[in-house]
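K.L.:
Encoded as structure tokens, here's the structure I'll be asking about.
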Amino acid sequence: MIGMTHASLRGNRKKVNLALQGGGSHGAFTWGVLDFLLEDARLEIDAISGTSAGAMNAVALLEGMSTGGPQAARKKLADLWRSVSNQSALSPIQRRFFDFFFGYGTPASALAYWGTDWLMHYGSPYEFNPFNINPLLTFLRSSIDFEKVRAYDAIKLFVGATNVHTGKVKIFRRPDLTAEHVMASACLPYFFQAVVIDGEPYWDGGFMGNPPLFPLFYDSRVPDIVIVQVNPIERNVTPRSAREIQNRVNEITYNGALLGELRAIDFVNRLIDSGRLSQEQYMRPFVHRIDGGPFLDGFPASTKIDTTWSLIERFFEHGRMAAEKWLDARFEAIGRESTLNLRMAYAETPHHGKARARLVLSGDGQEPQAANEP
């Protein structure tokens, strides 16, 4: 019904680029966002940059678009996440592989998490998995038709991974994508052996870009970037237990590269606004964000490996609601101005932790004013 409600706007569709974070099962929030945007039809996707679960969402979307447009893409995404839940595919504690270590049960069980902590601190996938059995890679090969993904050129796609040897981000592009490339983007080094591609080993892309934004500047002429964020930047509680500390360290680490890119965007935008750089030579990006807000912030990082269907459905439904709320409030700004206050997004502010902020531009290059995000 939503698609019919906005049918009159389809002739005035606006192009955007999407930047999809990784975050395990929290990626179901991103599924909800994509499901709403595909149904709503006010936005047209020019390019997607994705990492880990964000990359999985992206390749499912492209496969669906290649076979039947937005409705087929929505179905493919739904099928993917149902399979994730059925097979526990996103969990490092694969039921089919790690059961003999931890016993049966959900990933949220105390025994499973004790085993996870043990592996992270005292084990290596080269020791406890010498044959490199990888159920997630098998899942990707069976769930995604990468030939269709590679052939669909209406949407540009960039998948980020981390080169283990150089410590630098590596961008894999749609024409070359295979299951191995997406697996590299999702390769948690405590649980999986590095994925070797063309002789180079790769780990999870979140270390160096979650997600990487720069391909959207160089390979797309669309200025609007919508970041779908599932990893909280701020938490107003000091972690105390070993697990809480590790979870918070991971959140900070996986947001670090993104905050660095936002800082660089803000710097270039200020140079353009002051006339020091020519807008004819440099594109001024407009940055937007759809995030889970207090809803996702309320879930511990441990739920990222909980693939219980009821939990995935909750993430999905909240993603749809967040996308609808954001688009209704921000549609007019797309193509004209940013709705994310970049400086408040990456830097400490006098009102730290009190409010989420957006960017309101006066149009004359004046200092942005802060306002609460919906």
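K.L.:
Using a cut-off of 12 Å between alpha-carbon atoms, which aspartates and glutamates can reach residue 170, once sequence neighbours fewer than 8 places away in the same chain are excluded?
P.N.:
200, 204
K.L.:
Could you give the length gained by full extension between residue 283 and residue 126, i.e. 0.36 nm per residue of separation minus their alpha carbon distance, to one decimal place?
P.N.:
On the way: separation 157, 0.36 × 157 = 56.52 nm, distance 4.52 nm.
Additional length available on full extension: 52.0 nm.
K.L.:
For segment 122-259, report the % of Cα-Cα distances exceeding 24 Å.
P.N.:
Taking all Cα-Cα pairs of segment 122-259, the fraction more than 24 Å apart is 39 percent.
K.L.:
Further, regarding this structure: What's the long-distance tail for segment 230-312, i.e. % of Cα pairs beyond 17 Å?
P.N.:
I get 61 percent for the Cα pairs in segment 230-312 exceeding 17 Å.
K.L.:
Pop out the carbon and sulfur fraction of the accessible area of segment 188-262 as a percent, whole number, probe 1.4 Å.
P.N.:
Heavy-atom surface of segment 188-262 belonging to carbon and sulfur, 1.4 Å probe: 58 percent.
K.L.:
Among the GluC sites (Glu not before Pro) in segment 183-268, which ones are in a DSSP loop with at most 13 other Cβ atoms within 10 Å of the Cβ? Mind listing them?
P.N.:
Numbers: sites: 234, 244, 251, 261; in loops: 234.
Of the GluC sites (Glu not before Pro), the ones in loops of segment 183-268 whose Cβ has at most 13 other Cβ atoms within 10 Å are 234.
K.L.:
May I ask you to derive the relative contact order of segment 123-202, considering only C-alpha pairs under 8 Å and at least 6 residues apart, and to give it as an integer percent?
P.N.:
Relative CO of segment 123-202 lands at 33 percent.
The values are calculated or read from the model by the stated rules, or taken from the named source; none is laboratory data. Note that this is a predicted model, so its numbers are computed, not measured. Reconstructed Cβ throughout: ideal geometry from the backbone, glycine too, with neighbour counts over all protein chains shown. Heavy atoms of the whole protein, side chains included, go into the accessibility calculation; ligands, DNA and RNA do not. Shrake-Rupley method; radii C 1.70, N 1.55, O 1.52, S 1.80 Å.
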